Amino acid sequence: MSLILYQHPLASFCHKVLMALYENGTPFESRVIDLGNEESRASLVRLWPLAKFPVLRDETLDSTVPETSIIIEYLDRHYPGAMPLFPADPSDALCVRLWDRFFDQYVQDPMQKIVADVRRAENDKSPQGVSEARALLRTAYGMIERQLDGKIWITGDSLTMADCAAAPALFYAETLVSFDEGHGRLKAYYQRLLDRPSFARVLKEAMPYFHMYPYHERLPAQFRPATPNA
Ligand SMILES: N[C@@H](CCC(=O)N[C@@H](CS)C(=O)NCC(=O)O)C(=O)O
């Protein structure tokens with residue numbers, strides 16, 4: 001197999017690339033990385049010393065490709081499928097890149113800060129950092145709500161890389177800061193993302209791991225791990 005994706009099925013940035021791969025039916029092999037396992041972690045560090053995943057390894061072209069947006073553009077360039085995730089028009093493509101950056105930096109990032117904080121020891125917690133991250137999510141939700149006016153997907157009628165960034169970011173963010181009454185378009189968009197077969201497949205594959213997510217009880221009901229019988 002030419003393409004190998006180093007990833008973890010619970011990790012939201014991995015979901016972004018998996019969704020892009022599934023949109024196009026791109027064949028790849030999955031290597032699940034357990035960061036808590038020294039050998040497994042070392043296999044990732046050898047490719048990308050920052051130890052962030054996903055990382056794509058392309059044996060045919062002898063390329064190692066980190067960073068989700070770069071991976072998706074690389075796939076689009078070298079392994080294009082039936083569902084291009086970038087519009088042909090350069091201005092439209094720039095808009096896709098803007099919203100991709102938006103979801104990574106202003107939804108994924110604050111979401112991950114809140115989740116990381118709950119795992120910290122009591123005296124390492126940052127209540128101010130968490131409250132700033134929550135405020136940022138609320139601001140981001142308002143901007144997404146406005147952006148979606150008259151649109152099916154975040155930049156228009158076609159699903160793009162920006163929607164692949166949006167899906168996992170919103171999936172976890174919504175468990176931390178709920179959408180409210182003023183977020184009708186955002187709620188409908190979120191549901192469209194959940195219903196999209198590529199993302200539904202990503203979530204199905206994550207099911208066995210959701211019990212490891214600290215806020216798993218706030219996931220949509222169908223994704224909550226079953227409570228063991230007392
Ligand atoms: N900017 C990177 C972010 C990747 C990232 O933060 N991945 C998370 C998983 S969702 C990770 O590797 N976390 C492990 C860690 O930070 O130790 C990208 O777009 O690929």
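The values are calculated or read from the model by the stated rules, or taken from the named source; none is laboratory data. Everything numeric in this text was worked out from a predicted model, so none of it was measured. Using ideal geometry, Cβ is built from the backbone for each residue, glycine included, and neighbour counts are taken over all protein chains shown.
Okay, here's what the table says:
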{"item": "Which listed residue is crowded, with 17+ Cβ neighbours inside 10 Å, within 13 Å of the ligand (Cβ to nearest atom) and not assigned by TED's automatic domain parsing to the domain that holds HIS15, from ASP104, ASP109", "result": "ASP104"}
{"item": "Those residues of segment 133-145 which are touching a helix residue (DSSP H, G or I) at 6+ places or on another chain (Cβ under 8 Å) and more than 17 Å from THR175 (Cβ to Cβ), in sequence order", "result": "THR139, MET143, GLU145"}
{"item": "Hits in segment 58-79 - residues which are in contact with a strand residue (DSSP E or B) (Cβ under 6 Å, 6 or more places away or on another chain) and either among the aliphatic types (A, V, I, L, M) or more than 14 Å from the ligand (Cβ to nearest atom) (or both)", "result": "ASP58, VAL65, ILE71"}
{"item": "Test result for ALA93, over 18 Å from the mean Cα position of the chain (by Cα), under 16 Å from LEU159 (Cβ atoms) and at pLDDT below 95", "result": "no"}
{"item": "Listing of strands (runs of 3 or more DSSP E) fully contained in segment 24-121 that carry 3 or more residues being free of Cβ contacts under 8 Å to residues at least 12 places away in the same chain", "result": "none"}
{"item": "Residue within segment 40-58 that is of a type in the set (Asp, Glu) and out of contact with any Ser or Thr (no Cβ under 7 Å at 6 or more places or on another chain) present", "result": "no"}
